[in-house]
Amino acid sequence: MLLIASNETKRDVDVTSSLIFDLSKTLPSTMRPLTVDEENRVADILSRDFGFPVMPELDNKRLNRSYGLIGAEQHLARYPGDNIYSHFDTQEEIDKFWSSGMAPGLGAWRYFVPSKDQMTKKDKLREKYYLAVQTFLVPDYNSRVSEYRDFFKLRKMLIVNPQNGKAMVVVIGDAGPDEWTGKHLGGSPEVMNYLEREDGAKRGPVIYFFIDDPDDIIPLGPIVPKQNAYG
């Protein structure tokens, strides 16, 4: 059993190292939007290594960028009455994430569920693993507000820290941050913690692409690359 576990760990390290290397050959050395060719090459790498279709554009819709600097977001209210005291299920979560606090307002799509009684495990995970993305910077957003609002709401994405290969399946749960912050997207406390990204001067780049998952079968949360699983 120990030998099997060791072999599995070594395999995970190997494929993660391969992912980091392949991304380093494709991503630009400076922080800028990716070209179409770069996006397509990154999408091919991610689809291959994670085993499901990953793309910068879905249903003829895309964000203003797919490679950017991430900053820290706070916890969001999941239902009316949710607060920092009711937000966590374990002492470990309290110890890790209490200090991040609750956002003073609601997310762009307001509550995740109408009431606490209606909240499911999936709803908890959607708030736990959410991104705030700059939906308002999509070129034709103002002329198609309702269409884009419905498309982006809880849209599933793959986010990757290209410097350590850590990745998560997440959803779009809020809009932001403002352009003046110098950040291009935000991550929940749990997302930031897992990706090993910090706010402020230590913030760093991430890749965030859409996942084509019409049947909603890909689970949310941390995910390890499995090279050549898709094809």
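Condition check ((1) farther than 28 Å from LEU34 by Cβ; (2) touching an Asp or Glu at 6+ places or on another chain (Cβ under 6 Å)) across all residues:
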| residue | (1), (2) |
| --- | --- |
| SER100 | yes, no |
| GLY107 | no, yes |
| ARG126 | no, no |
| LEU131 | no, no |
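Within the range 127-145, the set of residues being in a strand (DSSP E or B) and touching a residue at least 60 places away in the same chain (Cβ under 8 Å) comprises TYR130, LEU131, VAL133. The single condition among (1) under 17 Å from the mean Cα position of the chain (by Cα); (2) at pLDDT below 95 that LEU69 does not meet is (2). All conditions but one from (1) assigned to a helix (DSSP H, G or I); (2) out of contact with any helix residue (DSSP H, G or I) (no Cβ under 6 Å at 6 or more places or on another chain) apply to ILE159; the one that does not is (1).
Could you grab me the full set of residues in the range 101-116 that are more than 16 Å from ASP89 (Cβ to Cβ) and not aromatic (Phe, Trp, Tyr)? The answer is GLY101, ALA103, PRO104, GLY105, LEU106, GLY107, ALA108, ARG110, PRO114, SER115. Here TYR148 clears all of (1) part of a helix (DSSP H, G or I); (2) out of contact with any Ser or Thr (no Cβ under 8 Å at 6 or more places or on another chain) except the condition numbered (2).
Which residue pairs have Cβ atoms under 7 Å apart, sit 6 or more places apart or on different chains, and have a first residue in the range 98-126 that is under 13 Å from GLY173 (Cα atoms) and a second that is part of a helix (DSSP H, G or I) and modelled with pLDDT of 95 or more? Listed pairs, sorted by first residue: PHE112/ASP123; PHE112/ARG126; PHE112/GLU127; VAL113/ASP123. Here PHE88, PHE97 are screened, and the one residue that is surrounded by fewer than 17 Cβ atoms within 10 Å (Cβ to Cβ) and among the aromatic types (Phe, Trp, Tyr) is PHE88.
The values are calculated or read from the model by the stated rules, or taken from the named source; none is laboratory data. All figures in this text were calculated on a predicted structure; none of them were measured in a lab. Glycine gets a Cβ as well: all are built from the backbone with ideal geometry, and neighbour counts include every protein chain shown.
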